[in-house]
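Below: one structure, written as structure tokens.
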Amino acid sequence: MAATVDPLEARLIPSESIRIGLVVPVSGVLGLMGPCAINCAVLAAEEVNAGGGVLGRPVELVLIDGGRPARQVAAEVAGLVGSETVQAVAGAHASDVRVEVVAAIAGRVPFVYAPPYEGGGHAPGVYFLGETPGRQLAPGIEWLAGARKARRWYLLGNDYVWPRLVHASARERLRARGASVVGESFVPYGEAVSRLDRVADARPDAILLTLIGSDLMAFNRAYAAAGLGAARLCGALEEHGLLGVGGDVTGELYASMGYFRDLSTDAGLDFAERYAARFGEDAPMLNAHGHGCYEAVAMLAALAARAGSLAVPALDAVADGTEITSARGTLTLLDRQVRHPVHLGRADGLGFFLEKPFQ
């Protein structure tokens, strides 16, 4: 059975396992995503081990808290890679952490990054499973600017690389639709609610929210409490975040993701059954960020099986065409990233009503 291992303990215990550094937040603004992400990674590792492991060796996970400052996380990853304690890295965490981790790894081991990201950032041995801005948020923007005729937009995000580049992409698309940006703010962690009055004064028809974690929850709670009525399109809202908001019945809160817990496809229902069977009905609820860690571990195993190695040059040489099956269906790497339909979910109480998938 796969289990997460403390990094210090991992340095001291000899092992014949393939050790994967699992970088997920268990503290900080994104700490809420940790429990489900760990469960999903454990499920993937156990399924890989049941199928013979990676290169004939069992998989073990070494947990690294990705919720700390980016350089601190990267320094720990660099130490684990340099000491050969881990042979690969998988993660779901903020992009500023990813940038530092990629630099720290420097192509020595493979790294599969699961969440939506801002695009670019290609480096040897780095593989992306999440959507870029055009694929993730363009359908929601088109939906709101078209069917909902939202012409005035406010862009609000945390102050780091992903929100800034998402906003740049959104501005171009809004201009093409004849919509205007009536305000934009980037805020440090913990200060999202301080911009509520500024947003309200701009009188937007819609708000693009690239806030994350507890900041996204705090802003949406405050917005609803103030009785404001603009549509809100979120790039990082998932089931745990919606629960943290207290649910929403306005019909104006949207999330765009590749996966939702209520995805009623055969693959989605099968994954939900396996998750519940392993962790129980009261386990942390499934969501896109957590499920991404299942995909990341599974993709590492698939890459190693295809290459017959975990050496980065060998993996890069065969990466295109590598496939896994997850709750999203079949995912295939092309140019070391995945292109897959996204779903626009409208908050409906404590769950999401899925408007439709977008290619």
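The values are calculated or read from the model by the stated rules, or taken from the named source; none is laboratory data. This is a predicted model, so every value here is computed, not measured. All Cβ positions, even for glycine, are placed from backbone atoms using ideal geometry, and neighbour counts span all protein chains on display. These area figures cover heavy atoms from the full protein model, side chains too; ligands, DNA and RNA do not enter into them. Shrake-Rupley method; radii C 1.70, N 1.55, O 1.52, S 1.80 Å.
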Practice prompt. Jot down the radius of gyration and Dmax of the range 22-130, Cα atoms only, both in angstrom.
Written response: 13.3, 38
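Charges at C-beta only: +1 for Lys and Arg, -1 for Asp and Glu. How large is the resulting dipole of the range 30-136 about its Cα centre, in Debye rounded to 20?
On the way: 6 positive and 10 negative charges, 34 e Å.
Once rounded to the nearest 20, the dipole reads 160 debye.
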Worksheet item: Mind listing which GluC sites (Glu not before Pro) in the range 242-284 are in a DSSP loop and have 11 or fewer other Cβ atoms within 10 Å?
Response: Glu281
Worksheet item: Using alpha carbon centroids, what distance separates the range 11-71 and the range 203-267, in Å?
Response: 28 Å
Response to the item:
1/(1 + (r/R0)^6) with r = Cβ-Cβ of Thr332 and Ala75, R0 = 25 Å, i.e. FRET efficiency to nearest 0.05, evaluates to 0.15
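Compute the projected area of the convex hull of the Cα atoms of the chain, averaged over all viewing directions, and report it in nm² to one decimal place. Can you show the working numbers first?
Working: hull surface 64.4 nm².
So the Cα hull casts an average projection of 16.1 nm².
Relative contact order of the range 288-359: what whole-number percent is it, with Cα pairs under 8 angstrom and at least 6 residues apart?
Working: 82 pairs, mean separation 13.3, N = 72.
About 18 percent, as a whole number.
Just the number please: accessible area per residue for the range 142-223, 1.4 Å probe, all protein chains included, in Å². Could you put the intermediate results ahead of the total?
Values: 3510 Å² over 82 residues.
Per residue, the range 142-223 has an accessible area of 43 Å².
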Worksheet item: With every protein chain in place, what's the accessible area of Cys40 (1.4 Å probe, Å², nearest 10)?
Response: 0 Å²
Worksheet item: At q = 0.14, 0.23 Å⁻¹, what base-10 log of I(q)/I(0) does the Debye formula yield for the range 74-196 when every alpha carbon is treated as an equal point scatterer in vacuo?
Response: -0.70, -1.26
Worksheet entry | Overall Cα dimensions of the range 264-307 - principal axes, largest extent first, Å | 38, 20, 18
Worksheet item: Relative contact order for the chain: what is it in percent, counting Cα pairs under 8 Å that are at least 6 residues apart?
Response: 19 percent
Response to the item:
Along principal axes, largest first, the alpha-carbon spread of the range 197-321 in whole Å comes out as 58, 36, 23
Discussion item. If I model a spin label at Ser309 and Leu55 as a point 7 Å from the Cα along the Cα→Cβ vector, what separation in nanometres do I get?
Written reply: 0.9 nm
Worksheet item: Tell me, in nm to one decimal, what length is gained between Asp201 and Arg274 on full extension, where the rule is 0.36 nm per residue of separation less the Cα-Cα distance?
Response: 21.5 nm
Item to complete: Return the single residue from Val166, Val42, Val318 with maximal mean-square fluctuation; model: Gaussian network over the chain, springs between Cα atoms under 10 Å.
Response: Val318
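Quick one: length gained pulling Asp348 to Ser83 fully straight, 0.36 nm per residue minus the C-alpha distance?
Full-extension gain reported as 90.6 nm.
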Worksheet, complete the sentence: With the 1.4 Å probe rolled over protein heavy atoms, the range 238-310 has an accessible area per residue in Å² of 36 Å²
Worksheet item: How many percent of Cα pairs in the range 251-359 exceed 21 Å?
Response: 43 percent
Discussion item. I need the calculated FRET efficiency for the pair Glu172 and Thr265, taking r as the beta carbon distance and R₀ as 45 Å, to the nearest 0.05.
Written reply: 0.90
